[in-house]
1. Hey, could you pull the Cα Rg and Dmax for segment 1-118, both in Å?
2. Taking 0.36 nm per residue of sequence separation and subtracting the Cα-Cα distance, how much length would be gained by fully extending the chain between ALA145 and ALA103, in nm to one decimal?
3. Could you sort GLU279, GLU242 by accessible area so the largest value comes first, with the probe set to 1.4 Å?
4. In nm, to one decimal, how far is the modelled label at ASP111 from the one at ALA290, with both set 7 Å along Cα→Cβ?
5. State, to one decimal in nm, how far the label point of ALA16 lies from the label point of GLU41, with both points 7 Å from Cα in the Cβ direction.
6. Roughly how many percent of the accessible protein surface of segment 27-68 is carbon and sulfur, given a 1.4 Å probe and a whole-percent answer?
7. Sorted by accessible area with a 1.4 angstrom probe, largest first, how do HIS299, HIS288, HIS70 fall?
8. Under unit Cβ charges (Lys, Arg +1; Asp, Glu -1), what dipole magnitude, rounded to 20 debye, does segment 95-167 have relative to its Cα centre?
Amino acid sequence: GSATCILDRDHVLLQADLTAVAPGPLERELADVLGVLADVESKGGATVYRFTPGSVRRALDAGQSAADLHAFLARHSRTPVPQPLTYLIDDVARRHGRLRVGAASAYVRCDDDATLDEILADKRAAGLGLRRLAPTVLAAQADPAALLEGLRAMGFAPAAESAAGDVLIARADAHRTPPRAAPQPVPDGPPVPDDTLLTAAVRAIRAGDLASTTPRKPGPGDDAGDGPARAGGELPRTGAAETLATVQAAVLTGEALWIGYVNAEGAASQRLIAPIRVEGGFVTAYDHTADEVRTYPLHRITGVAELADDAG
C-alpha cells in the first residue's frame with residue numbers, strides 16, 4: 001500500500017516518473033532552484049514538479065553544471081535520486097552547448113593559420129574586436145568595411161567576399177564605406193505643394209532679388225582680418241550640431257539663411273535658402289539663388305550663416 005509522510009520544507013520526494021512532490025511550502029532557495037530545473041505540473045495540497053529535457057536545459061543555460069544538479073537533487077531528496085532522472089540530466093548535459101550562437105559583425109578566414117596568429121598579435125588589431133573561432137577563422141566586432149581598412153593599415157591585402165564565399169569585385173571608383181542612402185527621387189519636379197510649400201513660395205516671390213543683394217553675418221569660421229571679401233566669398237562653416245539647430249530654428253521662424261554647399265562633384269557654392277522642413281537627414285527649402293524648391297543632404301552643407309541685420 002501507499003504511505004503518507006510529512007516532509008521537511010527543505011526536502012522533496014523524487015519519483016521514478018520524473019516528478020518531484022513537495023507536500024508543503026518549500027524554503028525560498030530550494031523553491032527558486034527547483035522552479036528553474038522543473039516545471040510546475042499541479043498545485044494543491046502538494047505541488048508536483050515535472051522534469052523535462054527543456055527544464056533541465058533551462059537550468060544548464062542558467063549556469064548550473066550536471067554535477068551541480070546531481071548534488072542539488074541528492075541533497076534535497078528524501079529518497080535516492082531515481083535513475084531515469086539521473087539519465088535525463090546526463091543526456092541533456094552531454095548535448096548542451098554543442099552548438100554555440102553568438103554575434104559578430106564580420107569575419108576573417110585564411111588557410112594559413114600563422115597569418116591569423118600574426119593578426120591577433122598585432123596591437124593595431126585591438127580595436128577590431130577579433131576572436132578566434134577556429135584555426136582558420138577569426139570573428140570581429142568591427143563591420144566588414146572597418147575590418148578591411150584595419151587589415152590594410154596593418155600591411156595585409158584582404159579581399160571582401162560575399163555570403164556565398166565569392167570574392168567581391170570592387171570598381172575602381174567604388175567607395176570602401178557603405179554608400180549613404182540617396183534621397184527619394186522626385187519624378188515630376190518639386191514636391192506636390194501643400195500649405196507649407198505655398199507659404200514658402202509666396203515668401204520667396206516677395207523676397208525678389210534677395211539672393212543677389214543680401215549680405216550675411218560673419219560666422220565662426222570667418223576671419224575678420226581678411227577684409228570684407230572674406231565674408232562674401234568664403235563658405236559659411238559651422239559644426240554639424242549647430243548647422244542642424246540653426247536650420248531647424250529657421251523652419252520655425254520662417255527666416256532665410258546663407259549656407260555653404262558642396263555637391264556630389266565637389267563643387268562648392270553659397271546659397272540663400274528659406275528652410276521649409278528638416279527630416280531624414282535632408283532639408284527641403286526654397287532656394288532663392290536658384291529660384292526653386294530644392295532638397296539638400298545635411299552632410300553636404302558646410303555651414304550656415306544668418307542674414308546681416310540690415311538685410312531687407
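1. For segment 1-118, the Cα radius of gyration and maximum Cα-Cα distance read 19.8, 73 Å.
2. 13.4 nm
3. GLU279, GLU242
4. 5.3
5. 1.5
6. Answer for segment 27-68 is 48 percent, counting heavy atoms of protein chains only.
7. The ranking, largest first, comes out as HIS299, HIS70, HIS288.
8. Once rounded to the nearest 20, the dipole reads 480 debye.
The values are calculated or read from the model by the stated rules, or taken from the named source; none is laboratory data. Since the structure is predicted, the reported quantities are computational estimates derived from the model, not experimental observations. Note: ideal-geometry Cβ built from the backbone for every residue, glycine included; neighbour counts use all protein chains shown. Each accessible area value is taken on the protein alone, full model and side chains, heavy atoms only, with ligands, DNA and RNA left out. Shrake-Rupley method; radii C 1.70, N 1.55, O 1.52, S 1.80 Å.
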